[in-house]
Amino acid sequence: MQQLSISELTKNFNTKSILDSIALECCTGDVVGIFGRNGSGKSTLLKILFGTMKADRIRIRINEKPIEPEEIIPQQQIAYLPQDSFLPKSLKVRNIVPLYFPNGDMQDKILYDPLVARMANTKAGNLSLGEIRYFELMLISTLPHPFIMLDEPFSMVEPLYREKIKEKLLSLKTTKGIIMTDHYYNDILATATNCLLLKNGRLIPVSNVDDLSKYGYLSASNH
């Protein structure tokens, strides 16, 4: 089992505290769902863990060994799916896969996936949002990294692909630890093994829509 532990995570923008001494843990088999209003710091949290944004203070341990944020990417510990697509729009899906995986076996693992095979001859710029997110998830999850982070994997995705993404995440958790954020709270609640609400710089454990209402993330009319 792999274990990722974060503590003392603090980030301020000018005088505003976005993340206030946050602690978070994710192990193989965990799907950690993080809720939060726009501007609460969800994407900031993920970018800090990935090492592309600097925290004011943070301690990271992987399998009880300290690791510096700038070592996350070179050591291939955490893969990250950002909100915005990273696919080259002018290339067909089948030509994108070798850019990330020169190994033929790894290419086959992605291209023989039934949903990816269906879009193989389509340019990335012509894919639907659901196709983009599913294909990106296939690319990210095939990497050797023991942990993956997903920023809004369900957002604006059509129902078929939302279900396929959930199925993929449930199969991935046997070998990886997953941290994800999204406003599609029902999809997160259905997939996550552990849910947290980021509010006023702190992480609050939540279990269901009643908790999300209690802490002000949802209004009573939302469910």
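Please treat every number below as a calculation from the coordinates, not as lab data. Note that the structure is predicted; figures quoted are calculated from it, not measured. Cβ: placed from backbone, ideal geometry, glycine included. Neighbour counts: every protein chain shown.
For the pair Asp84 and Asn38, how long in nm is the line joining their label points, each one 7 Å along Cα→Cβ?
Simple spin-label model gives 1.6 nm for this pair.
Could you give the size of the charge dipole of the chain about its Cα centre, using +1 on the Cβ of each K and R and -1 on the Cβ of each D and E, expressed in debye and rounded to the nearest 20?
Charge dipole of the chain: 300 debye, to the nearest 20.
Along Cα→Cβ, 7 Å out, is where each label goes; now give me the distance between the ones at Ser7 and His183 in nm to one decimal.
My value for the distance between the label points is 3.5 nm.
If you take the C-alpha gyration tensor of segment 179-223, multiply each eigenvalue by 5 and take the square root, what semi-axes do you get, largest first, in whole Å?
Square roots of five times the eigenvalues give 15, 14, 9 Å.
Straight-line reach only, C-alpha to C-alpha below 16 angstrom: list the aspartates and glutamates that Lys54 could link to, leaving out same-chain residues fewer than 8 apart.
Within the straight-line cut-off, Lys54 pairs with Glu8, Asp20, Glu68, Glu70, Glu71.
Cα atoms only: what Rg and Dmax, in Å, come out for segment 1-74?
12.3, 39
Picking from Lys164, Lys16, Lys47, which is most flexible by a Gaussian network model of the chain using Cα springs under 10 Å?
The residue that fluctuates most here is Lys16.
Which of the lysines could be linked to Lys176 by a straight reach, that is with a Cα gap under 22 Å, when you skip same-chain ones fewer than 8 residues away?
Lys42, Lys47, Lys65, Lys109, Lys164, Lys166, Lys168
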